[in-house]
Amino acid sequence: MLFTAMSDGRFDLGGRWCDCALGKEGVISAADKREGDGCSPLGVWPVRRVLYRPDRNFGGVPNLPGLRVPTAPIAYNDGWCDAPGDRNYNRPVTLPYPASAEHMWREDHLYDVVVVLGHNDDPVVPLMGSAIFLHLAKPDYSGTEGCIALARWDMLDLLGKLEPGSAVSIVDAHPHPTMIAPERAASEPPRLRPGARAKKG
């Protein structure tokens with residue numbers, strides 16, 4: 001199943017729309033994505049696996065049994081390397097780690113469940129971004145460091161729909177005119193400048 005995150009904060013949960021949070025600096029093409037830029041990369045990213053906190057009873061379903069995609073518990077010393085020059089960049093590591101790495105065991109609830117997305121992992125390219133996840137949103141849906149974030153009840157819905165081959169697409173809801181396909185642009189009526197009137201035939 002393909003899920004879609006729109007840059008305007010809408011998320012298609014397979015026939016039902018809900019709210020989501022994206023990068024605090026907006027969206028950017030995958031080719032221009034850089035480590036630490038705060039942007040979510042446009043494109044289609046396959047679901048690799050689901051990580052979860054075994055010490056927290058997520059949605060009343062301990063340990064998330066029955067998912068149709070690979071799952072693994074998060075341990076206290078789990079990290080994710082975000083140091084572009086390190087050989088394990090954009091890969092899970094064990095903490096303490098000599099290079100910069102994000103701590104996956106958080107005090108807040110954002111990583112109670114983490115859907116790992118296949119961005120910049122096959123192959124890994126230095127500087128092109130790391131740790132692009134789908135995780136739980138803050139109550140105010142404030143921007144992320146580049147991930148997608150959903151409310152807890154929407155995450156539960158998504159988890160129930162995940163299947164082998166599932167992916168998440170990040171789409172620009174307001175693409176620049178030069179990004180619109182020529183055939184579509186030709187079929188659209190010309191846009192008037194503010195205050196102008198269309199000529200009568």
Inset, instruction - Identify all residues within the range 63-79 that are of a type outside the set (Ser, Thr, Tyr), at pLDDT 90 or above and either in contact with a strand residue (DSSP E or B) (Cβ under 8 Å, 6 or more places away or on another chain) or closer than 15 Å to Leu117 by Cα (or both); write none if there are none. - result: Val69, Pro70, Ala72, Pro73, Ile74, Asn77, Asp78, Gly79
Inset, instruction - Considering every residue within the range 42-52, establish whether at least one is in a loop (DSSP other than H, G, I, E, B) and either in contact with a helix residue (DSSP H, G or I) (Cβ under 6 Å, 6 or more places away or on another chain) or not aromatic (Phe, Trp, Tyr) (or both). - result: no
Inset, instruction - Pairs only if they're at least six apart or on different chains, beta carbon under 7 angstrom, first in the range 87-116 and buried (at least 18 other Cβ atoms within 10 Å of the Cβ), second among the polar types (S, T, N, Q) and in a loop (DSSP other than H, G, I, E, B); list them, first residue then second. - result: Tyr89/Ser130; Asn90/Asn120; Asn90/Ser130
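Return yes when Asp154 is at pLDDT 95 or above, of a type outside the set (S, T, N, Q), surrounded by 12 or more Cβ atoms within 10 Å (Cβ to Cβ) and more than 23 Å from Asn90 (Cβ to Cβ) and no when it is not. Even if it seems obvious, please write down each step before you answer.
Details: at pLDDT 95 or above: yes; of a type outside the set (S, T, N, Q): yes; surrounded by 12 or more Cβ atoms within 10 Å (Cβ to Cβ): yes; more than 23 Å from Asn90 (Cβ to Cβ): yes.
For Asp154, the condition - at pLDDT 95 or above, of a type outside the set (S, T, N, Q), surrounded by 12 or more Cβ atoms within 10 Å (Cβ to Cβ) and more than 23 Å from Asn90 (Cβ to Cβ) - is met.
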Legend entry - Hits in the range 117-157 - residues which are within 11 Å of the chain's Cα centre (by Cα) and not in a loop (DSSP other than H, G, I, E, B): Leu117, Phe133, Leu134, His135, Leu136, Thr144, Ile148, Ala149, Leu150
Legend entry - Filter pass, Leu13 being at pLDDT below 95 and farther than 24 Å from Gly129 by Cβ: no
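The values are calculated or read from the model by the stated rules, or taken from the named source; none is laboratory data. Here the structure is a predicted model, which means the values were calculated and not measured. Backbone-built Cβ (ideal geometry, glycine too); neighbour counts: all protein chains shown.
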